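So the structure is just underneath, and the comments pick up after that.
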Amino acid sequence: MEIKDADKKRLLEDLVLSSPPHIKDTQSVPLVMWLVVLSLMPATIFSCYLYGLYVALVIVTSIISAIVSEIIMQYLLKRPITVNDGSAVITGLLLAMNLPPHVPLWIPAIGSAFAIIIVKQLFGGLGYNIFNPALAGRAFLLASWPVEMTTLWHRFPNGYVIAQNPIFNAAMPQQLIDSISGATPLGALKEAPKLLQELSLQAQPLYDFLFSNAMIKSLFIGNIGGCIGETSAILLLLGALLLLWKKVITWHIPLSYIATVAACMGIYYYFTGVPNLHYAILFHVLSGGLILGAFFMATDMVTSPVTKTGMIIFGIGCGILASIIRLWGGYPEGVSYSILIMNGITPLIDKLTRPKVFGA
Amino acid sequence: MIVHSFHGGIHPPDNKHFTNRIPFKYLSIPQKSFIPLQQHIGKPATPVVEAGQLVEEGQLIGQANGLISANVHATVPGKVVEIAEYHTPYSEHGLCVVIESDGSFNTSGKVRQKNDFLSLDKEALIEKVQSAGIVGLGGAAFPTAVKLNPPANRTIDTLIINGSECEPYLTVDDMLMQTHPEEIIEGIQIAMKILGINKAYLGIEKNKPLAIKALQTAVANVKTHEIVIIPLNKRYPQGAEKQLIYTITKREVPSGGLPMDVHVVVQNVGTIYAIREAVLFDKPLIERYITVTGKIVRKPGNYKVRFGMRVSDILEECGGLVENPSKIIMGGPMCGLALNHMDIPVVKGTSGILFLAKNETKVTPFRSCIRCGRCVSVCPMNLIPCDLGNAAEKQRYDIAEKLHPFDCIMCGSCSYICPSKRPLSHFIKVVQTTLSAKR
C-alpha cells in the first residue's frame with residue numbers, strides 16, 4: 001500500500017509537537033481541588049444535620065462570596081478566570097468550617113472576600129499566596145468581630161454547647177455550670193479553671209468531666225459544640241483517608257502535627273498531675289480544629305513545604321505552637337494561628353531542607 | 001543479593017502488552033534509504049563515497065571524524081543517489097547518504113565464519129567494535145569503543161548490562177533477551193574480556209519474566225565468569241545510567257562525573273548484541289531492532305530495520321494507522337522525540353516509533369505551580385524541579401543556576417507527575433541551554 005503525498009499530509013493534520021515526556025499522570029489541579037471538596041463533604045453534611053440547615057446557608061454564602069471575589073479579581077487583574085479549578089470553592093468551604101454555626105451571613109461573605117481578594121489574588125493568585133487564605137480570612141474576622149466569632153455557638157436542646165449534661169458535684173455553683181455549658185470544650189478548659197480559682201473551688205471535677213470517656217466519645221462522633229467543621233473527628237478522618245488514598249496529601253504533616261500536640265499535652269498534663277492522662281491527650285487531639293487543621297489546612301500545598309523533611313518540621317512546628325497557644329495563650333484554640341505562623345516560615349524551611357543532590 | 005532502590009521515580013502505565021509477545025520480523029528494504037552521517041553523539045562522520053557510486057551492503061560510507069564519532073556503513077546495497085541535507089533525528093539539516101537499493105545482498109542470510117574472540121587481544125577487539133560503528137543502542141548513541149576503553153587512570157571492576165527497558169511501550173530489549181539469551185551472554189563475555197574484568201550484572205525489570213527466565217537459563221552454563229541476573233523493581237527511570245548503577249552497586253556517580261568514576265561501565269543489551277556480531281562476524285552496525293507500537297497502529301510489533309529507512313516507509317509496512325496520530329514519537333513516551341513529519345529516517349539510537357492517539361497525549365495549557373512537591377518526591381536526582389521551573393519561567397537564570405540544573409538527567413518524571421501540567425523538564429532544559437550558552 002503506497003501512502004500518497006496527500007494522504008501523508010492528511011495523516012499529519014492532528015499532529016502536536018511538544019517536548020517530552022509525551023504522557024502525563026491523570027491527576028490535575030482541578031481534580032486535586034475537587035477531591036479535597038469531596039473529602040470535606042461527610043463532615044459538612046453532618047454539621048448541617050447537627051446544627052441545622054442555617055449552617056448550609058453559611059457555607060453557601062461563604063463559597064459564593066469566594067467564587068465571586070475570585071472572578072472579579074481575576075477580571076480586574078486581567079488574569080485568566082480559573083474559578084473552575086475548585087480552589088476558591090475550597091477556600092470558601094474551609095472558611096465556613098472555621099466559623100461558629102450561627103454567625104450572621106455577612107461574616108462569611110466578608111471573610112471569604114478578604115481571603116480571596118487580599119490573601120490570595122493580591123499575592124498573585126493560586127500558587128503564590130504565602131498564607132492559607134481561609135485561615136487568614138478567619139484570623140481577620142476574629143480580630144475584627146470577636147464577639148460574633150466567639151459566642152454564636154450552637155446550643156443543644158438542653159441549652160448547653162457541650163451536648164451532654166455537665167452534671168457536677170452539687171458543690172458547683174450555677175455560675176460555673178453556665179460558663180462551661182456556654183462554651184466549646186476547649187473554651188471550657190480555658191475559662192473554667194480561672195473561675196474555679198476565683199471561687200476557690202477544686203478543679204478536679206472539671207477535669208473529671210472534660211477528660212472522660214464520655215467526652216472523648218462525643219468528640220469522636222461529633223456530638224459537640226464548636227465551629228462548623230470541628231464537629232465529627234471520625235467523618236473528618238474518613239475524608240482524610242480519601243485524600244491519603246488518592247495521594248492528594250501525604251501523612252507527613254498531619255501525623256507530625258497531631259503527634260506533636262499529643263506529646264506536648266502528654267508532657268504538660270503528666271507534670272500537672274491529671275489523673276486520666278490518656279483522656280487528656282485524646283481530648284486535645286480530638287477537640288477544636290486539630291483534625292480539620294492537620295489534615296485539610298496545614299496540608300495546603302501552596303503554603304506548606306515541598307520536601308518531606310520540611311513537611312515534618314512544619315508539622316512539628318504547628319504542633320508546638322498550637323499546644324503553647326492552647327495551654328498558655330489568650331485563645332482557647334491555637335490551630336489556625338499555628339498554621340498561619342508556620343506558613344510564614346515555609347520558604348525558610350524549604351531552603352533549609354533542600355535534599356542533597358544525587359552524587360553531590 | 002540485596003537489590004537497593006533509587007530515590008524517587010514514577011509508575012506510568014507501561015503499555016508493553018501491545019508488542020511484548022510478538023517475535024521479531026524483518027521489514028522489507030525501502031526503495032530509498034536516507035542514511036545520516038550523524039547517528040551518534042559527537043562529530044558527524046566524514047563521507048567517503050560520492051554520488052553515483054555503487055556501494056555494497058555494509059560498505060563504509062562515513063569515516064569516524066575524531067575520537068568521539070562513529071563509522072557509518074551502507075545499510076543496503078545500491079547506488080548512492082546523492083549526499084544531501086535532510087531532516088534527521090539529530091538535525092533539521094543533517095547530511096545524509098541517499099542510497100537507492102539495487103544489486104544483491106551479498107552478506108545477508110549467508111553463513112559466516114565465526115571468529116574466536118578468546119584468541120584476540122583487547123586492542124583487536126576494540127578495533128572491531130570501533131570499525132563496526134557501534135554506538136549505545138539504548139538511545140544515547142555514545143560511541144561504544146570509547147566507553148569500553150576508559151583512560152588508564154580509571155580502573156573498572158564492574159560491567160552493568162542495562163536490560164531494564166523502563167520506558168513504557170518499548171519491548172525491543174525484552175524481545176531480544178527472550179529470543180537471544182545465549183548470544184547476549186556471549187556478548188557480555190566479550191565485553192568483559194575487553195574490560196579485563198570478571199564481574200557483570202544484568203539488570204532486568206520484573207515486568208519481563210520471560211526475559212529473566214531465558215537469561216537465567218543461559219547464564220547457568222557459564223562457569224568462567226561471574227554474571228549475575230538482577231530482577232529490578234518496575235519503576236521509571238530504573239534504566240537511567242546513574243540510577244541503575246546505584247540500584248545494583250550502591251555507588252553514586254559523582255555530580256558531573258561518569259560511571260567510570262565509580263569503576264563501572266554500563267552497556268545496553270542491544271549494544272552487547274551488536275558488539276558480539278561485530279567481534280564474531282565482523283558485521284558492521286547496519287540494522288537494529290525497533291518497536292513500532294501504539295493503540296492506533298494496525299500491525300504493531302518488534303521489527304528488524306536497516307538504518308536510513310524512513311518512518312513513512314516503516315508505517316506502510318506496519319499496515320498504517322486506524323486514525324490520525326496526535327503524536328509520532330521516535331523513542332519512548334518519556335524521553336522520545338516528537339516528529340513533525342514522517343520523512344525522518346531511523347538511526348542507530350532509535351529504539352522505537354510510537355504513534356499516540358488524541359486521547360492518549362493531551363497537551364493542555366499549564367497552570368501555575370501549586371507547590372505540591374510531587375516533582376520533588378519523584379526526582380531521582382534529588383533536585384527541586386518546581387523551583388527550577390519557576391525560575392526558568394521568570395527567566396531568573398541566576399536563581400536557577402544555584403539549583404543544580406546540570407544534574408538533571410532529563411528523565412521527565414517531574415513533568416509527568418505535575419498536576420499543573422507544567423513542562424518542568426523542558427524548563428530545566430531551557431535553563432541548561434541558556435546557562436551553557438553564557439559560559
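Condition (residue is within 17 Å of B:PRO237 (Cα to Cα) and among the charged types (D, E, K, R)) applied to the stretch B:427-436: is it met by at least one residue?
So far as the stretch B:427-436 goes, no, none of its residues is within 17 Å of B:PRO237 (Cα to Cα) and among the charged types (D, E, K, R).
Is at least one residue of the stretch A:262-273 in contact (Cβ under 8 Å) with a residue 24 or more places away in the chain and within 14 Å of chain B (Cβ to nearest Cβ)?
Checked against the condition, which is being in contact (Cβ under 8 Å) with a residue 24 or more places away in the chain and within 14 Å of chain B (Cβ to nearest Cβ), the stretch A:262-273 yields no hits at all.
Inside the stretch A:158-261, counting only helices (runs of 4 or more DSSP H) that do not spill past its ends, which hold 2 or more residues that are over 30 Å from A:VAL29 (Cα atoms) and of a type in the set (Ser, Thr, Tyr)?
Details: elements: A:174-181, A:185-198, A:204-210, A:213-221, A:233-245.
By residue number, A:174-181.
Just wondering, is there one or more residues in the stretch B:348-357 that are surrounded by fewer than 24 Cβ atoms within 10 Å (Cβ to Cβ), part of a loop (DSSP other than H, G, I, E, B), touching a residue at least 24 places away in the same chain (Cβ under 8 Å) and within 7 Å of chain A (Cβ to nearest Cβ)?
no
Does A:ILE90 satisfy the condition of being in contact with an Asp or Glu (Cβ under 9 Å, 6 or more places away or on another chain), surrounded by fewer than 21 Cβ atoms within 10 Å (Cβ to Cβ) and within 22 Å of B:PRO365 (Cβ to Cβ)?
Numbers: in contact with an Asp or Glu (Cβ under 9 Å, 6 or more places away or on another chain): yes; surrounded by fewer than 21 Cβ atoms within 10 Å (Cβ to Cβ): no; within 22 Å of B:PRO365 (Cβ to Cβ): yes.
Criteria not met by A:ILE90.
If you scan the stretch A:124-147, which residues turn out to be surrounded by fewer than 20 Cβ atoms within 10 Å (Cβ to Cβ) and more than 17 Å from A:GLY229 (Cα to Cα)?
Of everything in the stretch A:124-147, those that are surrounded by fewer than 20 Cβ atoms within 10 Å (Cβ to Cβ) and more than 17 Å from A:GLY229 (Cα to Cα) turn out to be A:GLY124, A:TYR128, A:ILE130, A:PHE140, A:ALA143, A:SER144, A:TRP145, A:PRO146, A:VAL147.
Is there any pair linking a residue in the stretch A:70-98 that is in the same structural domain as A:ILE116 (by TED's automatic domain parsing) and at pLDDT 95 or above to one that is crowded, with 17+ Cβ neighbours inside 10 Å and of a type in the set (Asp, Glu), with Cβ under 7 Å and at least six apart or on different chains, and which?
A:ALA88/A:GLU70
Taking the criterion of being over 20 Å from B:GLY196 (Cα atoms) and in contact with a helix residue (DSSP H, G or I) (Cβ under 6 Å, 6 or more places away or on another chain), would at least one residue in the stretch B:114-129 satisfy it? First the steps, then the outcome.
Taking the stretch B:114-129 and keeping what is over 20 Å from B:GLY196 (Cα atoms), we get B:114.
Those left that are additionally in contact with a helix residue (DSSP H, G or I) (Cβ under 6 Å, 6 or more places away or on another chain): B:114.
Yes, some residue in the stretch B:114-129 is over 20 Å from B:GLY196 (Cα atoms) and in contact with a helix residue (DSSP H, G or I) (Cβ under 6 Å, 6 or more places away or on another chain).
Looking at B:ALA211, is it within 26 Å of B:PRO151 (Cβ to Cβ), touching a residue at least 40 places away in the same chain (Cβ under 8 Å) and crowded, with 24+ Cβ neighbours inside 10 Å? Quick ask: steps written out before the conclusion?
Details: within 26 Å of B:PRO151 (Cβ to Cβ): no; touching a residue at least 40 places away in the same chain (Cβ under 8 Å): yes; crowded, with 24+ Cβ neighbours inside 10 Å: yes.
No; evaluated as a whole, the condition is false for this residue.
Where in the stretch B:12-100 are there strands (runs of 3 or more DSSP E), lying fully within it, with 3 or more residues that are within 24 Å of the chain's Cα centre (by Cα), in contact (Cβ under 8 Å) with a residue 24 or more places away in the chain and crowded, with 22+ Cβ neighbours inside 10 Å?
Working: elements: B:32-36, B:60-63, B:78-86.
Those strands (runs of 3 or more DSSP E) span B:32-36.
This table checks each residue for (1) of a type outside the set (Val, Ile, Thr); (2) closer than 18 Å to A:VAL119 by Cα; (3) in a helix (DSSP H, G or I).
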| position | (1), (2), (3) |
| --- | --- |
| A:ILE45 | no, no, yes |
| A:ILE72 | no, yes, yes |
| A:TYR75 | yes, yes, yes |
| A:VAL89 | no, yes, yes |
| A:PRO101 | yes, no, no |
| A:PRO104 | yes, no, no |
| A:ILE107 | no, yes, yes |
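Out of the residues in the stretch A:32-69 that are within 14 Å of chain B (Cβ to nearest Cβ) and either small (Gly, Ala, Ser) or in contact with a Lys or Arg (Cβ under 9 Å, 6 or more places away or on another chain) (or both), which is surrounded by the most Cβ atoms within 10 Å (Cβ to Cβ)?
First pass over the stretch A:32-69, keeping only residues within 14 Å of chain B (Cβ to nearest Cβ): A:32-36.
Still in the running and either small (Gly, Ala, Ser) or in contact with a Lys or Arg (Cβ under 9 Å, 6 or more places away or on another chain) (or both): A:32, A:35.
Details: A:VAL32: 24, A:LEU35: 20.
Checked the stretch A:32-69; the qualifying residue surrounded by the most Cβ atoms within 10 Å (Cβ to Cβ) is A:VAL32.
Within the set of pairs 6+ apart or on separate chains, which have a first residue in the stretch A:298-311 that is at the interface with chain B (Cβ under 7 Å from one of its Cβ atoms) and within 11 Å of A:SER256 (Cβ to Cβ), a second that is surrounded by fewer than 24 Cβ atoms within 10 Å (Cβ to Cβ) and of a type outside the set (Gly, Ala, Ser), and C-beta atoms under 7 Å apart?
That search, which allows pairs on different chains as well, returns A:LYS308/A:HIS252.
A quick yes/no check of all residues on (1) in a loop (DSSP other than H, G, I, E, B); (2) out of contact with any Pro (no Cβ under 7 Å at 6 or more places or on another chain); (3) not assigned by TED's automatic domain parsing to the domain that holds B:GLU183:
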{"position": "B:GLN243", "(1), (2), (3)": "no, no, no"}
{"position": "B:ILE248", "(1), (2), (3)": "no, yes, no"}
{"position": "B:PRO254", "(1), (2), (3)": "yes, yes, no"}
{"position": "B:GLY257", "(1), (2), (3)": "yes, yes, no"}
{"position": "B:ASP261", "(1), (2), (3)": "no, no, no"}
{"position": "B:GLN267", "(1), (2), (3)": "no, yes, no"}
{"position": "B:GLY270", "(1), (2), (3)": "no, yes, no"}
{"position": "B:ARG276", "(1), (2), (3)": "no, yes, no"}
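Kindly indicate which of B:CYS386, B:CYS414, B:CYS372 is more than 7 Å from chain A (Cβ to nearest Cβ) and closer than 21 Å to A:GLY310 by Cβ. Full working, then the answer.
Working: B:CYS386 fails: more than 7 Å from chain A (Cβ to nearest Cβ); B:CYS372 fails: more than 7 Å from chain A (Cβ to nearest Cβ).
Matching residue, one of B:CYS386, B:CYS414, B:CYS372: B:CYS414.
Which of the residues that make up the stretch B:321-344 are within 7 Å of chain A (Cβ to nearest Cβ), farther than 16 Å from B:TYR86 by Cβ and in a loop (DSSP other than H, G, I, E, B)?
Those that are within 7 Å of chain A (Cβ to nearest Cβ), farther than 16 Å from B:TYR86 by Cβ and in a loop (DSSP other than H, G, I, E, B): B:ASN324, B:PRO325, B:SER326, B:PRO333, B:MET334, B:CYS335, B:GLY336.
I need a count of the residues in the stretch A:300-352 that are hydroxyl-bearing (Ser, Thr, Tyr) and more than 19 Å from the chain's Cα centre (by Cα). Quick ask: steps written out before the conclusion?
Within the stretch A:300-352, the subset hydroxyl-bearing (Ser, Thr, Tyr) is A:303-304, A:307, A:309, A:323, A:331, A:336-338, A:346.
Subset that is more than 19 Å from the chain's Cα centre (by Cα): A:307, A:309.
Adding up the residues that qualify gives 2.
The values are calculated or read from the model by the stated rules, or taken from the named source; none is laboratory data. Fair warning: this is a prediction, and the values are worked out from it, not measured in the lab. All Cβ positions, glycine included, derive from the backbone under ideal geometry; neighbour counts span all protein chains shown.
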